[in-house]
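Presented below is the structure to which this report refers.
Taken together, the values in this text are just the output of simple stated rules run on the coordinates, not laboratory data. This one's a predicted model, so the numbers in the text were calculated from it and none came from an experiment. Ideal geometry is used to build each Cβ from the backbone, glycine not excepted, and the neighbour counts take in all protein chains shown.
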Amino acid sequence: MKKARMLMAACALLLMLTACGSSENKNYDTTTVYIGKDQEVSEYIVEDFDKSYYNTEELRQNIEQTIHEYNEKNGASDLVVLDQYGLSGDSAKLNVRIKYKNAKDYGSIHNREFFVGTVSEAKEAGFVLDGLHAAQAQSAKELTPVEQMTQEMIVICEEEMDVEIGGDILYISDNVSLKSSGLVTVGESDTYSVIIYQ
């Protein structure tokens, strides 16, 4: 039941869509959004797909149709691109990579807040950057206070997911935990989640 529910959620997300944007081959064990140094966004979707009644081709067609409709509606063919779609060697996991032109396209297709830009741009857009803490305790003394930051990069999102950054993570909000260098898990929150990096 849980796997069926997860797949239905994955399908719903895929039908509404999902995101990412580097051409690098990456191996994740859970769905992860990757943000590269040039702010490209790629979503790597990893879902259990180990039942014979799951129809991978039908799901692929639904994803492609959703992407086509989004691109057509927004006047360009390359805003969202299905870059990879297939099962793992044991056919137990579905691996999908979708590239997005920018963070705006990711947010639009998911109908969720998703912002990537500088700290100055985030402040100008009205985001409040209170309550952040250093991603690593040992670096806290060396960090510029958030209120003095301008050109450092920031990710603001509303979804629970893993996020990998092509840079060094400096500050995170309370519901974000550091998994490894450059990789965080965004947990549940009543508001948006924040990751500042350089």
For the range 164-170, Karplus couplings with θ = phi - 60° (6.51, -1.76, 1.60), whole Hz, Gly/Pro x: 10, 10, x, x, 8, 7, 9
For the range 67-84, in residue order, the Karplus 3J(HN,Hα) values (coefficients 6.51, -1.76, 1.60; θ = phi - 60°; whole Hz; Gly and Pro = x) are 5, 4, 5, 5, 4, 5, 4, 9, x, 8, 8, 10, 5, 9, 9, 7, 9, 8
Any trypsin sites (Lys or Arg not before Pro) in the range 60-141 that lie in a DSSP loop and have at most 15 other Cβ atoms within 10 Å would be R112
Taking placed amide H atoms and a strict 5 Å upper bound, the residues 5 or more places from K93 or on another chain that come that close are F49, S88
What spacing in nm lies between the two simple spin-label points modelled at D78 and D174, each 7 Å away from Cα in the Cβ direction? 4.4 nm
Using the per-residue mean of other Cβ atoms lying within 10 Å as a proxy for protection, in what order, highest first, do the peptides 127-137, 170-180 fall? 170-180, 127-137
log10 of Debye I(q)/I(0), alpha-carbon scatterers only, for the range 99-149 at 0.18, 0.30, 0.31 Å⁻¹: -0.74, -1.13, -1.16
³J(HN,Hα) computed for each position of the range 124-137 - Karplus, 6.51 cos²θ - 1.76 cosθ + 1.60, integer Hz, glycine/proline x: 5, 7, x, 6, 9, 10, 8, x, 8, 10, 4, 5, 10, 4
